[in-house]
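Working notes, structure below.
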Amino acid sequence: MSCNGNAPRFSADDEDSEMNEDFAVENIKMYPNPVLSGSSANINFTSVFETEATVIVTNTIGQIVASQRVLIDEDMNEVSLPVEKLKPGYYMVTVTNDGGKISKPLIIQ
(Lines give C-alpha, C1' and ligand atoms only; values in the text may rest on other atoms or scores of the structure.)
Protein backbone atom coordinates (compact mmCIF):
# COMPACT_ATOMS: atom_id res chain seq x y z
CA MET A 1 0.00 0.00 0.00
CA SER A 2 1.47 3.34 -0.97
CA CYS A 3 0.82 6.64 0.76
CA ASN A 4 0.87 10.10 -0.72
CA GLY A 5 2.48 13.02 1.07
CA ASN A 6 -0.87 14.30 2.39
CA ALA A 7 -1.97 11.09 4.09
CA PRO A 8 -1.99 11.16 7.89
CA ARG A 9 0.60 8.93 9.48
CA PHE A 10 -0.35 6.84 12.48
CA SER A 11 1.80 4.45 14.38
CA ALA A 12 0.32 1.43 16.10
CA ASP A 13 0.99 3.12 19.45
CA ASP A 14 -0.73 6.46 18.69
CA GLU A 15 -3.27 7.22 21.38
CA ASP A 16 -5.34 10.25 22.27
CA SER A 17 -7.02 10.30 25.64
CA GLU A 18 -8.88 12.59 28.00
CA MET A 19 -9.86 10.96 31.28
CA ASN A 20 -10.97 11.63 34.82
CA GLU A 21 -11.69 9.26 37.71
CA ASP A 22 -15.11 8.33 36.22
CA PHE A 23 -13.58 6.93 33.02
CA ALA A 24 -13.65 3.15 33.08
CA VAL A 25 -11.66 2.06 30.01
CA GLU A 26 -7.98 1.08 30.18
CA ASN A 27 -5.50 -0.93 28.10
CA ILE A 28 -7.31 -0.58 24.76
CA LYS A 29 -6.08 -2.77 21.88
CA MET A 30 -7.49 -3.20 18.36
CA TYR A 31 -6.94 -6.10 16.01
CA PRO A 32 -6.50 -6.80 13.24
CA ASN A 33 -5.07 -3.42 12.34
CA PRO A 34 -4.96 -2.89 9.44
CA VAL A 35 -8.29 -4.64 8.86
CA LEU A 36 -9.63 -5.76 5.49
CA SER A 37 -12.64 -3.91 4.13
CA GLY A 38 -15.77 -6.05 4.46
CA SER A 39 -14.79 -7.59 7.79
CA SER A 40 -14.68 -6.55 11.45
CA ALA A 41 -12.10 -5.20 13.85
CA ASN A 42 -12.06 -6.23 17.50
CA ILE A 43 -11.50 -3.82 20.37
CA ASN A 44 -10.23 -5.29 23.65
CA PHE A 45 -10.01 -3.28 26.85
CA THR A 46 -10.35 -3.55 30.58
CA SER A 47 -12.73 -1.59 32.77
CA VAL A 48 -12.57 -0.79 36.46
CA PHE A 49 -16.37 -0.74 36.75
CA GLU A 50 -19.56 -1.48 34.81
CA THR A 51 -20.84 1.40 32.67
CA GLU A 52 -22.14 2.37 29.24
CA ALA A 53 -19.91 3.83 26.56
CA THR A 54 -20.03 4.82 22.91
CA VAL A 55 -17.62 3.57 20.26
CA ILE A 56 -17.25 6.25 17.57
CA VAL A 57 -15.40 5.94 14.26
CA THR A 58 -14.33 9.17 12.56
CA ASN A 59 -12.67 9.76 9.21
CA THR A 60 -9.60 11.93 8.62
CA ILE A 61 -11.67 15.14 8.55
CA GLY A 62 -13.43 14.33 11.82
CA GLN A 63 -16.80 13.21 10.45
CA ILE A 64 -18.52 10.44 12.41
CA VAL A 65 -18.91 7.50 10.03
CA ALA A 66 -20.03 4.85 12.53
CA SER A 67 -21.18 4.75 16.13
CA GLN A 68 -22.46 2.14 18.57
CA ARG A 69 -23.45 2.11 22.25
CA VAL A 70 -21.93 -0.66 24.33
CA LEU A 71 -22.41 -1.95 27.87
CA ILE A 72 -19.03 -2.35 29.50
CA ASP A 73 -18.54 -5.03 32.13
CA GLU A 74 -16.08 -4.73 34.97
CA ASP A 75 -12.76 -6.35 33.97
CA MET A 76 -12.07 -7.58 30.38
CA ASN A 77 -14.27 -6.55 27.44
CA GLU A 78 -14.31 -7.19 23.69
CA VAL A 79 -16.34 -5.23 21.15
CA SER A 80 -16.68 -6.26 17.52
CA LEU A 81 -16.59 -3.27 15.17
CA PRO A 82 -18.07 -4.05 11.73
CA VAL A 83 -16.29 -2.11 8.98
CA GLU A 84 -17.99 -3.56 5.90
CA LYS A 85 -19.66 -0.23 5.05
CA LEU A 86 -16.47 1.82 5.41
CA LYS A 87 -14.16 2.59 2.50
CA PRO A 88 -10.47 1.78 2.72
CA GLY A 89 -8.57 4.54 4.50
CA TYR A 90 -7.47 5.96 7.84
CA TYR A 91 -9.92 6.27 10.73
CA MET A 92 -9.87 7.06 14.43
CA VAL A 93 -11.80 4.81 16.85
CA THR A 94 -12.81 6.48 20.11
CA VAL A 95 -14.33 4.83 23.18
CA THR A 96 -16.06 7.50 25.24
CA ASN A 97 -18.32 7.91 28.26
CA ASP A 98 -19.11 10.78 30.63
CA GLY A 99 -15.72 10.33 32.32
CA GLY A 100 -13.49 10.71 29.26
CA LYS A 101 -12.34 9.18 26.02
CA ILE A 102 -9.55 7.12 24.56
CA SER A 103 -8.76 6.91 20.83
CA LYS A 104 -6.74 4.60 18.60
CA PRO A 105 -6.09 4.76 14.86
CA LEU A 106 -7.60 2.14 12.54
CA ILE A 107 -6.55 1.44 8.97
CA ILE A 108 -9.00 -0.23 6.59
CA GLN A 109 -7.49 -1.83 3.48
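The values are calculated or read from the model by the stated rules, or taken from the named source; none is laboratory data. As the structure is a prediction and not an experimental result, all values here were calculated from the model. For neighbour counting, all protein chains shown are included, and Cβ atoms are generated from backbone atoms with ideal geometry for every residue, glycine included.
R9: modelled with pLDDT of 95 or more and basic (K, R), yes or no?
Judged against the criteria, R9 is not a match.
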Only one of these is touching a residue at least 40 places away in the same chain (Cβ under 8 Å) and more than 12 Å from the chain's Cα centre (by Cα): T51, T96. Name it.
-> T51
Restricting to the range 100-109, what's the tally of residues that are more than 10 Å from the chain's Cα centre (by Cα) and either surrounded by fewer than 16 Cβ atoms within 10 Å (Cβ to Cβ) or among the aliphatic types (A, V, I, L, M) (or both)?
-> 3
Counted residues in the range 52-77 being charged (D, E, K, R), closer than 17 Å to N42 by Cα and at pLDDT below 95 come to 2
Answer yes if at least one residue in the range 95-102 is modelled with pLDDT of 95 or more and out of contact with any helix residue (DSSP H, G or I) (no Cβ under 6 Å at 6 or more places or on another chain), and no otherwise.
-> no
Hey, among the residues in the range 33-48 that are surrounded by fewer than 17 Cβ atoms within 10 Å (Cβ to Cβ) and hydrophobic (A, V, I, L, M, F, W, C), which one's farthest from the chain's Cα centre (by Cα)?
-> V48
Could you identify the single residue in I102, I107, I56, I43 that is in contact with a Leu (Cβ under 7 Å, 6 or more places away or on another chain), under 15 Å from M30 (Cα atoms) and either acidic (D, E) or touching a residue at least 24 places away in the same chain (Cβ under 8 Å) (or both)?
-> I43
Kindly establish whether N27 is modelled with pLDDT under 90, within 15 Å of the chain's Cα centre (by Cα) and loosely packed, with under 11 Cβ neighbours inside 10 Å.
-> yes
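Within the range 31-49, restricting attention to residues that are assigned to a loop (DSSP other than H, G, I, E, B) and not aromatic (F, W, Y), which residue is modelled with the lowest pLDDT?
Ranking the qualifying residues of the range 31-49, first place goes to V48.
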